């Protein structure tokens with residue numbers, strides 16, 4: 001089996017398994033798979049009760065990864081996330097007791113309810129895949145994926161995520177309400193018990209690592225790379241933008257486009273891949289100017305305008 005076929009088969013097996021629990025959300029499942037293939041973290045922004053926790057649990061069960069859920073609250077301390085060193089009277093030494101961040105898939109539920117100090121406890125783990133406590137560095141187990149959720153409606157008692165933290169999420173996605181047919185199917189699927197109780201592991205960690213390595217072999221033409229950078233630079237120069245996408249945003253778009261190409265059984269990236277992933281990878285990195293916010297202009301609107309303005313790179317004869 002070729003490397004690209006391996007990625008497609010891997011994603012199909014996991015996606016089909018997760019869709020037994022998360023009904024009618026194929027795009028959200030696919031985007032979560034893209035983040036997993038790129039070893040990136042995912043920010044899920046939506047109202048309560050749409051299945052954000054179930055999505056994370058289903059993904060962890062399907063791959064056989066360890067899973068921890070952290071419910072963020074205003075009184076939470078950084079040590080509640082990372083762990084703490086405790087003095088052992090028998091050995092007369094300090095022993096490290098790891099916190100819930102030490103899992104392969106971590107659900108940071110309502111992350112914006114924690115104070116900035118506690119939110120910052122995630123920064124090193126998300127970027128460097130390690131945690132430093134009392135001068136000791138502890139590596140995270142691979143794969144390591146943070147799925148963070150926040151409610152876009154209720155802002156009472158919340159602390160907005162700092163830009164440094166938001167920038168570390170490779171994508172921001174929305175689940176949205178299910179349609180009538182799928183909502184009826186959800187009721188029927190949970191008449192006796194929750195379907196996640198029957199969910200089994202369908203792939204191994206080794207298969208995940210192989211798929212992640214295969215994605216890195218997808219070819220990206222110089223013109224596509226230039227197109228990515230041009231899009232990011234356009235967000236920085238737009239009159240309605242206070243702060244545009246960072247180079248990390250360009251890298252996120254580059255990585256996810258390669259994963260999407262592999263998922264679509266191609267070993268090369270198309271401009272359409274870039275256009276499809278521009279909003280999920282760049283929109284949350286853009287800060288709208290106060291004057292544009294008054295006009296109810298969103299970052300997604302600005303990205304659509306940029307995509308319509310910047311010419312798409314054409315084919316090149318070799």
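Figures for the structure shown
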item	result
Filter result (buried (at least 24 other Cβ atoms within 10 Å of the Cβ) and part of a helix (DSSP H, G or I)) within the stretch 15-28	18
Complete set of residues in the stretch 65-75 that are touching a residue at least 60 places away in the same chain (Cβ under 8 Å) and either crowded, with 16+ Cβ neighbours inside 10 Å or assigned to a helix (DSSP H, G or I) (or both)	65
Residue among 175, 161 that alone is crowded, with 20+ Cβ neighbours inside 10 Å and either over 17 Å from residue 45 (Cα atoms) or in contact with a strand residue (DSSP E or B) (Cβ under 7 Å, 6 or more places away or on another chain) (or both)	175
Residue match in the stretch 192-204 (condition: exposed (fewer than 15 other Cβ atoms within 10 Å of the Cβ), part of a helix (DSSP H, G or I) and at pLDDT 85 or above)	no
Exclusive hit being surrounded by 15 or more Cβ atoms within 10 Å (Cβ to Cβ), at pLDDT 85 or above, in contact with a helix residue (DSSP H, G or I) (Cβ under 7 Å, 6 or more places away or on another chain) and not in a helix (DSSP H, G or I), set 55, 42	42
Residue 274 in contact with a helix residue (DSSP H, G or I) (Cβ under 9 Å, 6 or more places away or on another chain), assigned by TED's automatic domain parsing to the domain that holds residue 23 and closer than 25 Å to residue 145 by Cβ	no
Checklist (1) modelled with pLDDT under 85; (2) in a helix (DSSP H, G or I); (3) in contact with a strand residue (DSSP E or B) (Cβ under 9 Å, 6 or more places away or on another chain) applied to residue 120, failing item	(3)
Yes/no for residue 235 being touching a strand residue (DSSP E or B) at 6+ places or on another chain (Cβ under 8 Å) and not in a loop (DSSP other than H, G, I, E, B)	yes
Tally of residues being buried (at least 17 other Cβ atoms within 10 Å of the Cβ) and assigned to a loop (DSSP other than H, G, I, E, B) across the stretch 123-148	3
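The values are calculated or read from the model by the stated rules, or taken from the named source; none is laboratory data. Please read all numbers here as calculations on a predicted model, not as lab measurements. Virtual Cβ from ideal backbone geometry, glycine too; neighbours counted across all protein chains shown.
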